[in-house]
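Below is one structure, written out as structure tokens, with a few remarks after it.
The values are calculated or read from the model by the stated rules, or taken from the named source; none is laboratory data. These figures come from a predicted structure and were not determined experimentally. With ideal geometry, Cβ positions are generated from the backbone for all residues, glycine too; neighbour counts draw on all protein chains shown.
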Amino acid sequence: MAVPIVLDCDPGHDDAVALLLAVGSPQIDLLAVTTCFGNCPVSDATRNALRVLTLAGATQVPVAEGAAGPLVGEAALGNYVHGRTGLDGPDLPEPAQSLLPETAVELLARTLREHPEPVTVVVTGPMTNVGQLLRDEPEIAEHIAEVIFMGGGTQGGNHTPTAEFNTYADPEALDIVLSSGVPVRMVGLNLTHQALATPEVVERMAAMEHLIGRTCAGWMGFFGSSYRDVWEFEAPPVHDPCTIAALIDPDVIEWREVFLAVELDGTWTRGTTVADLFHRYPDREPNAKVAVRLDAERYWDLVLGALDTLGAPVEAP
């Protein structure tokens, strides 16, 4: 049976691949897409989500625009990695669907309440939309099967020396989610840095005889150059699809149950996730699972297989 999900995202090259994986996998029932600031301003993230859904031929999926900034403070943006548009690289088709008049929080709430079973909320950007929803309507938690998010890590950060970008961008929202009682799984940098788009992976994308494969290969070219310039990576880590892969194939990721918190006040450590991997806080009960090990070969076979099956539903722009 397909897992019903809402994908809250800020596309972003790796968000775009996660979106294509969700659309292309029969094990996933993509109920809605909501957008947030993060890799770029929210207006660009929304346009990117609509264009990726058009590329995938999935224009029936409802999309609503969400937060332009965090619950507290100013917005941090990741254009220094993802380019001016947030999804620089190959041209994409113009959106073939309209944005809903609802906000992201309204669409999330309505989708959760109307679905006959609890829904998994996948978050691949800052946690603002979901944090706001659980802050304002805490009773909605009973309609959420779990929140699985890409963010944080157990071994340092990327936006700052200790904090990953998504958790830095809105730690207050993440704190609300971690305190809500909703089951949470964190897919952090320690896991996603195992999901490298090596030259062999990019070659497999480029060899696909359709637009989706060639587009993903082009994205990896731009994304890879950013990672080389900013962090000296030889190949870019494709973070966000790990969240979807975990729902499709439970054996692709190994998890550890922990007490998980996020730093809100540290002068040098704001947005840093604290995962008690070795139970150093015995008075703190586990409240989350964190990803610790990826079967990278299995992961890429799953992602590339879904992309290839999805094929080319539209002509090149």
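Brief remarks follow.
- Scanning the stretch 108-162 for residues that are within 19 Å of the chain's Cα centre (by Cα) and among the charged types (D, E, K, R) returns a single hit, E146.
- Close contacts from the stretch 102-114, counting a first residue that is more than 19 Å from V42 (Cα to Cα) and a second that is in a helix (DSSP H, G or I) and at pLDDT 95 or above, with Cβ to Cβ under 7 Å and a gap of 6+ residues or different chains, come to A109/L133; A109/I140; L112/I140; L112/H143; R113/H143.
- Neighbours by Cβ (under 8 Å, 6+ apart or cross-chain): first from the stretch 5-28, at positive phi; second assigned to a helix (DSSP H, G or I) and not β-branched (V, I, T): G12/A45; G12/N48; G12/H82
- Looking only at the stretch 25-61, residues that are surrounded by 23 or more Cβ atoms within 10 Å (Cβ to Cβ) and among the polar types (S, T, N, Q) come to 6 in all.
Table: residues versus (1) under 15 Å from the mean Cα position of the chain (by Cα); (2) at pLDDT 95 or above; (3) hydrophobic (A, V, I, L, M, F, W, C).
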{"site": "C9", "(1), (2), (3)": "yes, yes, yes"}
{"site": "P26", "(1), (2), (3)": "no, yes, no"}
{"site": "T46", "(1), (2), (3)": "yes, yes, no"}
{"site": "P62", "(1), (2), (3)": "no, yes, no"}
{"site": "P70", "(1), (2), (3)": "no, yes, no"}
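- Of all residues in the stretch 145-158, those satisfying the criterion of being in contact with a strand residue (DSSP E or B) (Cβ under 6 Å, 6 or more places away or on another chain), of a type outside the set (A, V, I, L, M) and surrounded by fewer than 21 Cβ atoms within 10 Å (Cβ to Cβ) are E146, T154.
- Of the residues contained in the stretch 188-201, none is found to be within 19 Å of the chain's Cα centre (by Cα) and within 30 Å of P116 (Cβ to Cβ).
- Residues in the stretch 159-209 that are part of a helix (DSSP H, G or I), out of contact with any strand residue (DSSP E or B) (no Cβ under 9 Å at 6 or more places or on another chain) and either acidic (D, E) or under 20 Å from E297 (Cβ atoms) (or both): 8 in all.
- Residue pairs meeting the criteria (Cβ under 9 Å; at least 6 apart or on separate chains; first on the phi > 0 side of the Ramachandran plot, in the stretch 165-192; second in a loop (DSSP other than H, G, I, E, B) and surrounded by fewer than 24 Cβ atoms within 10 Å (Cβ to Cβ)): G181/N287
- For the stretch 240-299, filtered to residues that are of a type in the set (S, T, N, Q) and either touching a residue at least 40 places away in the same chain (Cβ under 8 Å) or surrounded by 17 or more Cβ atoms within 10 Å (Cβ to Cβ) (or both), the residue that is nearest to F165 (Cα to Cα) is T272.
- Only a single item in (1) closer than 28 Å to E172 by Cβ; (2) touching a residue at least 40 places away in the same chain (Cβ under 8 Å) is not met by G73, and it is number (2).
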